[in-house]
Amino acid sequence: MIQTVIKRDGRIVGFNEEKIVTAIRKAMLHTENGEDLQLIRQITDHISFKGEPQMTVEAIQDAVELELMNSSRKDVAQKYIAYRNQRSVARKAKTRDMFLEIINIKSNDITRENANMNADTPAGMMMKFSSETTKPFVDDYLLSEEVKEAVANNYLHIHDKDYYPTKSLTCVQHPLDRILKYGFSAGHGESRPAKRIETASILGCISLE
């Protein structure tokens, strides 16, 4: 009996048989003979109870294909297979389009996100390829559901999300008031507290670099 499912991104989630029901029903509704609720239930139950405790999404979909091909509804099997192929092409197209935008140096959110990264150079392109493929990993494995929901609803924006796995920061907000009052040390050099407006301006500029 299936209990958990390994998704394409590697996450393990609880098995939900209603997803099988929905997929078969959607395929049936695109055929001349329409839906057959009894057959849907029969196939879903058979896969649910005969399957391994843990299966991949692809393995479950393969099982659905086999059950449909062995049933009297070959027309549904054809629609189901066609839909799977369309979804596979769509997933690849999304990645392809993202890479083409970087290669063609289109001015958009991807190329403008990091002002320190010039996407029109070979090194810059390689960094952007790495950057854009890291972000889905952050979404799938490192962010809580609460944070992901906040990002999806535009309540929160994670700047330079691709750096999140490194446990480092690309941008830091310096306490300018403390720098002006106490000065600062940068390892090999230090600056005393500002006494003139000119010095304060210079310190402010340095802290923003």
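The values are calculated or read from the model by the stated rules, or taken from the named source; none is laboratory data. This one's a predicted model, so the numbers in the text were calculated from it and none came from an experiment. For neighbour counting, all protein chains shown are included, and Cβ atoms are generated from backbone atoms with ideal geometry for every residue, glycine included.
Does Ile6 fit the bill of being surrounded by 11 or more Cβ atoms within 10 Å (Cβ to Cβ) and more than 21 Å from the chain's Cα centre (by Cα)?
no
Out of everything in region 65-76 that is over 30 Å from the mean Cα position of the chain (by Cα) and part of a helix (DSSP H, G or I), what residue ends up being farthest from Ile43 (Cα to Cα)?
Out of the qualifying residues, it is Asp75.
Of the residues Glu32, Glu65, which single one is assigned by TED's automatic domain parsing to the domain that holds Tyr83, surrounded by 12 or more Cβ atoms within 10 Å (Cβ to Cβ) and acidic (Asp, Glu)?
Step by step, each of Glu32, Glu65 is checked, and only Glu65 is assigned by TED's automatic domain parsing to the domain that holds Tyr83, surrounded by 12 or more Cβ atoms within 10 Å (Cβ to Cβ) and acidic (Asp, Glu).
Could you run through region 129-183 and say how many residues are touching a Pro at 6+ places or on another chain (Cβ under 8 Å), over 19 Å from Ile12 (Cα atoms) and in a helix (DSSP H, G or I)?
Going through region 129-183 one residue at a time, the tally reaches 4.
Scanning region 162-176 for residues that are at pLDDT 75 or above and more than 25 Å from Met126 (Cβ to Cβ), which turns out nearest to the chain's Cα centre (by Cα)?
Within region 162-176, the match that is nearest to the chain's Cα centre (by Cα) is Pro175.
Just checking, which of Ile110, Ile158, Ile102 is under 15 Å from the mean Cα position of the chain (by Cα) and at pLDDT below 75?
Of Ile110, Ile158, Ile102, the one residue that is under 15 Å from the mean Cα position of the chain (by Cα) and at pLDDT below 75 is Ile110.
What number goes with the only condition from (1) surrounded by 14 or more Cβ atoms within 10 Å (Cβ to Cβ); (2) of a type outside the set (S, T, N, Q); (3) modelled with pLDDT under 95 that Leu39 does not pass?
(3)
Among the residues of region 113-128 satisfying the criterion of being assigned to a loop (DSSP other than H, G, I, E, B) and exposed (fewer than 15 other Cβ atoms within 10 Å of the Cβ), which is modelled with the highest pLDDT?
Thr121
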